[in-house]
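The values are calculated or read from the model by the stated rules, or taken from the named source; none is laboratory data. What you see is a predicted model, and the numbers here were worked out from it, not measured in a lab. Methodologically, a virtual Cβ is constructed for each residue, glycine included, from the backbone with ideal geometry; neighbour enumeration extends over all protein chains shown.
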Amino acid sequence: MLELKNITFDVNDEDGAKEIIKDVSLTIPDNKMIVVTGPNGGGKSTLARIIAGIEKPTSGRIYFNGEDITDMSITDRAKSGIGFAFQQPVKFKGIRVVDLIRLAKGSELSVADACTYLSEVGLCAREYIDREVNSSLSGGELKRIEIATILAKASKLSIFDEPEAGIDLWSFQNLIQVFESMRDNIHDSSIMIISHQERILNIADEIVVIRNGVLAAQGPKDEILPTLLHTESAVDGYCFKQQGKAARAAAAAN
Amino acid sequence: MSELKVDEIQKRLLAEVADLHEIPVGAFNIRSNGGSIGRVSTANIEITSKEDVSGIDVRIKPGTKRESVHIPVVMTVSGLTEIVYNDFYIGEDSDVTIVAGCGIDNCGPKDSEHDGIHRFFVGKGARVKYVEKHYGSGDGKGKRILNPGTEVYMEEDSYMEMDMVQIKGVDDTNRTSVAELAKGAKLVVRERLMTHGEQNAVSIYNVTLNGEGSSADVVSRSVARDDSYQKFDAKIIGNAPCSGHTECDSIIMDNGRILAVPGLEANNVDAELFHEAAIGKIAGDQLIKLMTLGLTEAEAEEQIVNGFLK
């Protein structure tokens, strides 16, 4: 269980100090999939990065399974069971997909075992396992590999920062199944996804709305989702499907 | 190594520079502290000593396929300086691997230096893979110095791949490689270099594409750490319809310094030449990504550098 208590985060820019996160208190319970949504620029990604330790809060405390992790490094938080999938997956020169999955797993892993994680995210393992994690891979491929590293890490809390960002809708349709499967197999762990996609919101146990740096709403999906439909916090599913169809038609025409 | 008289340090150096853990299969010449300590020629590959200067001639018969030549050099005596001239005559349509390399262990107060001057005459249609590794060890005050000179003359439709590696322990290197390519010949160079401490490494390439359809791809990946300095100076000259590419991709750490001087000269309107050069520190997001997988910053750095130089 993760608890955020009175988290604030300020940045200093040309216009002086600006509050990005304002006194947010939030609990992510075990065995739950929580989807955090809200308008762009509202502070969702910042909150995720604060939990992973990439950013330090200006004030407030973070507790993970009862332990105060506010001052812990990124590495120690990772070791204590927090996984973080980047919105923009990082590229490397010379580091192969299999290397990254082994590092995520934290132990020697046979190629066959590493391949199972790739299959889970819908990649043909044999084609990808020896490829370098570099710009020769498409945005969708990088995203799937990023998610495969999080599956391999098997964290108590896995955070996904906008898994839909930077990939085409067709690829995203397939990724939804990955999250559905994660939701079905959740066990002594929890998942936090930052997303605007209605289909992701739809598989959440709970929805959290962050707007203008403030916790605007939190509650069960059935309660919160109807209030969000047709706003930018929940991209319209019909529109999404139509775009997906158009993308498939274009792909077929080519 | 049972038949060769080599001590433990020499064994270690041979393993580092030529992956040799036992007597190599095929032709070889092992040079240690200024003299040959083992040599084998085969039916297709003849190794003979030069008479006027120190060094060997390696003659590979036309049509020789899938054979290899190992010519490692090890030095374990402090204060030894040598210049060695090795010439390789690679027969038409042959397909061979040549493994060179030099390891210096210097525990003494004086500098040890090996300057290997290699010339390759690559026959029509021949294919050569050349691997050269440099390695230094020992904690003496004497420097470990390697100044290799390489000349490559490629005939029509020949292919040569050069894998040049220097990862550790060499204090001072000044490497000059010159190549001339005839019609349809192709040269591929992959250089990997890491300098540390106060090391100094200069790498100069001068590739001339004389024949129609010839091509060269010269790529260096390097890491300069501590207070080390590197200079990468790669020039491709296109005198015919040809294609050339040179690339320097470098990571600097600590107080490391790198100077990249890519040079292109097109003397024919159908010459297509490109260069790329990038120098920078390890990207912060690469470190953060690996740290979110549980690696410390130092472990993440090591993984990134190892991958980069792989």
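For this structure, a couple of remarks:
- Boolean, B:THR150 is β-branched (Val, Ile, Thr), at negative phi and in contact with a Pro (Cβ under 8 Å, 6 or more places away or on another chain): no
- For the range B:252-291, the set of residues classified as β-branched (Val, Ile, Thr) and exposed (fewer than 15 other Cβ atoms within 10 Å of the Cβ) consists of B:VAL261, B:VAL269, listed by residue number.
- Only a single item in (1) closer than 24 Å to B:GLU180 by Cα; (2) surrounded by fewer than 17 Cβ atoms within 10 Å (Cβ to Cβ) is not met by B:VAL40, and it is number (1).
- Hey, B:ALA234 buried (at least 23 other Cβ atoms within 10 Å of the Cβ), aliphatic (A, V, I, L, M) and touching a residue at least 40 places away in the same chain (Cβ under 8 Å) or not: yes
- Qualifying residue in the range B:194-202 (condition: in contact with a Ser or Thr (Cβ under 6 Å, 6 or more places away or on another chain) and either of a type in the set (A, V, I, L, M, F, W, C) or within 14 Å of chain A (Cβ to nearest Cβ) (or both)): yes
- Test for B:ARG192: is it touching a strand residue (DSSP E or B) at 6+ places or on another chain (Cβ under 9 Å), modelled with pLDDT of 95 or more and farther than 18 Å from B:GLY244 by Cα: no
- Residue check for B:TYR159: surrounded by 23 or more Cβ atoms within 10 Å (Cβ to Cβ) and either touching an Asp or Glu at 6+ places or on another chain (Cβ under 8 Å) or closer than 22 Å to B:VAL58 by Cβ (or both): no
- Restricted to strands (runs of 3 or more DSSP E) entirely inside the range B:233-310, those with at least 1 residues that are more than 8 Å from chain A (Cβ to nearest Cβ), under 25 Å from B:LEU181 (Cα atoms) and of a type in the set (Val, Ile, Thr) are B:242-252, B:257-266.
- Per-region count, the range A:187-207, residues surrounded by fewer than 16 Cβ atoms within 10 Å (Cβ to Cβ), closer than 23 Å to A:PHE64 by Cα and not charged (D, E, K, R): 1
- On the stretch given as the range A:134-171, residues that are touching a strand residue (DSSP E or B) at 6+ places or on another chain (Cβ under 7 Å), farther than 23 Å from A:ASP30 by Cβ and in contact (Cβ under 8 Å) with a residue 40 or more places away in the chain total 2.
- Some residue of the range A:132-139 being in a helix (DSSP H, G or I), over 16 Å from A:GLN197 (Cβ atoms), touching a Gly at 6+ places or on another chain (Cβ under 8 Å) and within 14 Å of chain B (Cβ to nearest Cβ): no
- Within the range B:209-260, tally of residues that are over 24 Å from B:ASN174 (Cβ atoms) and hydrophobic (A, V, I, L, M, F, W, C): 3
- Assessment of the range B:17-28 against the conditions (in contact with a strand residue (DSSP E or B) (Cβ under 9 Å, 6 or more places away or on another chain), more than 25 Å from B:SER158 (Cβ to Cβ) and assigned to a helix (DSSP H, G or I)) yields at least one matching residue.
- The strands (runs of 3 or more DSSP E) found entirely in the range B:102-200 that carry 1 or more residues being touching a Leu at 6+ places or on another chain (Cβ under 6 Å) are B:112-122, B:127-137, B:149-154, B:159-168, B:172-181, B:186-195.
- Considering residues of the range A:99-129 that are among the acidic types (Asp, Glu) and assigned to a helix (DSSP H, G or I) only, the residue surrounded by the most Cβ atoms within 10 Å (Cβ to Cβ): A:ASP99
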